[in-house]
There are 2 protein chains.
Amino acid sequence: MEIKVVKSILEANEVIASQNREVFSQKGVYVVNLMGSPGAGKTTLLERTIEYMKEKKRMAVIEGDIATSRDAERIAAHAIPTVQINTGGACHLDGNMVRGGLQELDFEQIDLLLVENVGNLVCPAEFRIGEDAKVMIISVTEGDDKALKYPLMFQVSSVLLLNKIDLLPHLDFDLERFRSDALKVNPHLAVLTISCKTGEGLDNWFRWLEEKVNKKATSWKR
Amino acid sequence: MEIKVVKSILEANEVIASQNREVFSQKGVYVVNLMGSPGAGKTTLLERTIEYMKEKKRMAVIEGDIATSRDAERIAAHAIPTVQINTGGACHLDGNMVRGGLQELDFEQIDLLLVENVGNLVCPAEFRIGEDAKVMIISVTEGDDKALKYPLMFQVSSVLLLNKIDLLPHLDFDLERFRSDALKVNPHLAVLTISCKTGEGLDNWFRWLEEKVNKKATSWKR
């Protein structure tokens, strides 16, 4: 019984996510669903990405939080259109919540929509929102054993950003073990090591993202 | 409609959690539900607690993980009865999962049952398992802004263990802001700063726990 309930919620979500996806495709907007635990560095990554990309691409951000608009305020300070979704207890964004936020944005003026999911390494991975790519961010302080313990997030993501590598000297973190476990769970995962604090490695992320945005824009204009 | 479904799941859980609670009370076993994000330090805290307490109290551990038995293996190495619950995707333990694990333990021989929940700062807070106390652990690397953003976990917990304080010199973490936000959300929360790595502050946690275990054992013998 219980499994049936969950399944029907997931199926209903798929329908709405596909409708969102259709909207994004019609407008040539590339959409990233950014996921990770609380404190992994999602908002700071968005800030760095906005700083780098804002002269090149027209961006917007949807901020998903259980409560508060603190993250949205951080993003809006960069003069980027920002929509706050407060899930009111729900531990993830779903297609319907994101659909509610879309009305606030003018997609004629947007190339790239960055969606910051609720801080959670588990549930957001189950709910598509209509994104082109799921990107996960994890901090080295979370430990090197996470891929096998939380496999779904690793399986559904296109890119894994391993953040806070500036702290590696102070931690027992086996980078090769982490990378090898992650690739065991998902051999197609692009694993990029970064520090949002020092900026190290962020150029690889920017390059990956820019290529994807350009590609979607090109296919849209055809 | 959807809210109704969730409510009935939560209500069904309450019934089973109360039955578990009754079992624990009949045997005078004190039960801790330990919650926190992936990598907050839950398993290491259990190891430190076992090292300190094992001459004084008879302990058992239930390990909740989505997949793998890595954490259970770490605990079992300390010669403590350990039960692994693999949730198979579910992002939290609930009363029924814990009930399934209870058959594996001999409660005549146990004073303290430590239950490590799935790594997640959100969902576990919604599901009682029959515990005497919810204890949350959060690492300073997760940032000082978490209490207002993830309020439920802070509201339902009796103790907050702020872990990895040995890393504070390398981080921008405002301890007073964190503590003040946490107490705003839950004025009854005992906030203890600890480092499972260096051992700093753990004596306060051990003292808190030992008092609770003693108190439950005393009330049981009456």
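Couple of notes before you dig in:
- On the stretch given as region B:49-102, residues that are among the basic types (Lys, Arg) and farther than 27 Å from B:Ser25 by Cβ total 2.
- Filter result for B:Lys134 (within 19 Å of B:Val32 (Cβ to Cβ) and touching a residue at least 40 places away in the same chain (Cβ under 8 Å)): yes
- Scanning region B:129-144 for residues that are under 15 Å from B:Ala40 (Cα atoms) and either more than 9 Å from every other protein chain (Cβ to nearest Cβ) or part of a loop (DSSP other than H, G, I, E, B) (or both) yields B:Val135, B:Met136, B:Ile137, B:Gly143, B:Asp144.
- When residues of region B:145-179 are limited to those that are in a strand (DSSP E or B) and away from every other protein chain (no Cβ under 11 Å), the one surrounded by the fewest Cβ atoms within 10 Å (Cβ to Cβ): B:Val159
- Note on region A:146-192: residues that are of a type in the set (S, T, N, Q) and over 16 Å from the mean Cα position of the chain (by Cα) total 2.
- Among the residues making up region A:85-117, those that are among the polar types (S, T, N, Q) and under 20 Å from A:Ile137 (Cβ atoms) are A:Thr87, A:Asn117.
- Enumeration of residues in region A:99-125 that are away from every other protein chain (no Cβ under 14 Å) and in contact with a Ser or Thr (Cβ under 8 Å, 6 or more places away or on another chain): A:Leu114
So that you can scan it fast, the table gives a plain yes or no per residue for (1) among the aliphatic types (A, V, I, L, M); (2) free of Cβ contacts under 8 Å to residues at least 12 places away in the same chain; (3) surrounded by fewer than 17 Cβ atoms within 10 Å (Cβ to Cβ):
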site: A:Gly89; (1), (2), (3): no, no, yes
site: A:His92; (1), (2), (3): no, no, no
site: A:Val98; (1), (2), (3): yes, no, no
site: A:Asp106; (1), (2), (3): no, no, yes
site: A:Glu116; (1), (2), (3): no, no, no
site: A:Val122; (1), (2), (3): yes, no, no
site: A:Phe127; (1), (2), (3): no, no, no
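- Leading residue by the ranking (nearest to the other protein chains (Cβ to nearest Cβ)) among those in region B:35-72 that are among the β-branched types (Val, Ile, Thr) and under 20 Å from B:Gly95 (Cα atoms): B:Ile66
- Here A:Thr87, A:Thr82 are screened, and the one residue that is out of contact with any Ser or Thr (no Cβ under 7 Å at 6 or more places or on another chain), β-branched (Val, Ile, Thr) and under 30 Å from B:Gly41 (Cα atoms) is A:Thr87.
- Scanning region A:1-22 for residues that are exposed (fewer than 11 other Cβ atoms within 10 Å of the Cβ) and at pLDDT below 80 gives A:Met1, A:Ile3, A:Lys4, A:Lys7.
The values are calculated or read from the model by the stated rules, or taken from the named source; none is laboratory data. Computed from a prediction, not measured in an experiment: that's the story for all the values here. Quick reminder, even Gly has a Cβ in these numbers, built from the backbone with ideal geometry, and neighbours come from all protein chains shown.
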